[in-house]
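Working notes, beginning with the structure itself.
Taken together, the values in this text are just the output of simple stated rules run on the coordinates, not laboratory data. Computed from a predicted structure; not experimentally measured. Glycine gets a Cβ as well: all are built from the backbone with ideal geometry, and neighbour counts include every protein chain shown.
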Amino acid sequence: MMTRLSVNINKIATLRNSRGGNIPNVLEAAMNCEKFGAEGVTVHPRPDERHIRYNDVREIRPLITTEFNIEGYPSKKFMDLVLEVKPHQVTLVPDGPDALTSNAGWNTLDNKEFLTEIIGEFKKAGIRTSVFVGTEARFIEGAAKVGADRVELYTEPYATDYPAAPEKAIAPFIQAAEVAMESELGLNAGHDLSLENLRFFNQNIPGLLEVSIGHALISEAIYLGLELTILKYKECLR
Ligand SMILES: CC(=O)[C@@H](O)[C@H](O)COP(=O)(O)O
Ligand SMILES: NCC(=O)COP(=O)(O)O
């Protein structure tokens, strides 16, 4: 099965927010991602709404015909939004409110009770749950124990190490994928994946179901256009 590409459109919203007004239009961008072949749209609302806004999330939901993935820290406000909007998937990320961007996965052992309760709420609402984790086996196994359907591997360390030493960079992720499989968890991945490093990642990670990509993809679209950029990312996933 081919790995699905979910485009994170936070950066489109960040550009719009820099000026006020509605250029570029995030709703149009979400629809265009799907039109140009993305198999999903990801958003990551943050408490200060400096990227995608809560209301954007509400307005995008009815437009999505593929898969809608909402990522974020499960505060009360975030949970209420997700339960109202009912995306196909929610990805829980342990970011503090002032995080510049996501910079770590969950310690699923220390947060066992918290995550179990939250995942239970989303499960009751029929929303698939994914937990953002690093490559440590005990935290992936912990994600299964709190009831998650999937994990999303935090790929920033892979992206950083890939240019100098691809084999070394991928090794912990191959092991993590095996642990996820043994734990009967579906496998997603994201953060800093790009046209440079995506093909190698996908070729080497068994059972990869979905990647969510924003920063590099939207940046490349400035030069190539969104349609060609999405096509190029999808080629890396073949
Ligand atoms: C969880 C993850 O890696 C992404 O959601 C990333 O944090 C993008 O969010 P920003 O665009 O707000 O940095
Ligand atoms: N979950 C990762 C994501 O949505 C996008 O991360 P990035 O490509 O913006 O680093």
Grab the other residues whose beta carbon is less than 10 angstrom from that of Glu39, score K and R as +1, D and E as -1, and report the net.
-1
Too-long pairs where the Cα-Cα distance tops 25 Å, listed order kept, from Lys112/Lys168; Lys11/Lys145; Lys11/Lys234; Lys35/Lys234; Lys11/Lys124; Lys35/Lys123:
Lys112/Lys168; Lys11/Lys145; Lys11/Lys124; Lys35/Lys123
What size of dipole, in debye to the nearest 20, comes out for the chain about its Cα centre when the only charges are +1 on Lys and Arg C-beta atoms and -1 on Asp and Glu C-beta atoms?
540
So if I take the centroid of the Cα atoms in the stretch 147-208 and the same for the stretch 214-238, what is the distance between those two points in Å?
19
Normalising by the residue count of the chain, find the relative contact order in percent from Cα pairs under 8 Å and 6+ residues apart.
20
Restricted to Cα positions, what overall size does the chain have along the principal axes? Three whole-Å values, descending.
46, 40, 32
As a check on your grasp of the helix formula, calculate [θ] at 222 nm for the chain: sum -39500 (n - 2.57) over DSSP H runs of n ≥ 4, divide by the residue count, round to the nearest 500.
-13000 deg cm²/dmol
Note on the stretch 80-142: contact order normalised by length, alpha-carbon pairs under 8 Å, 6 or more apart, percent, works out to 43
Using a 7 Å offset from Cα along Cα-Cβ at His88, what residues in the stretch 41-59 end up with backbone N under 11 Å from the label point?
41-42
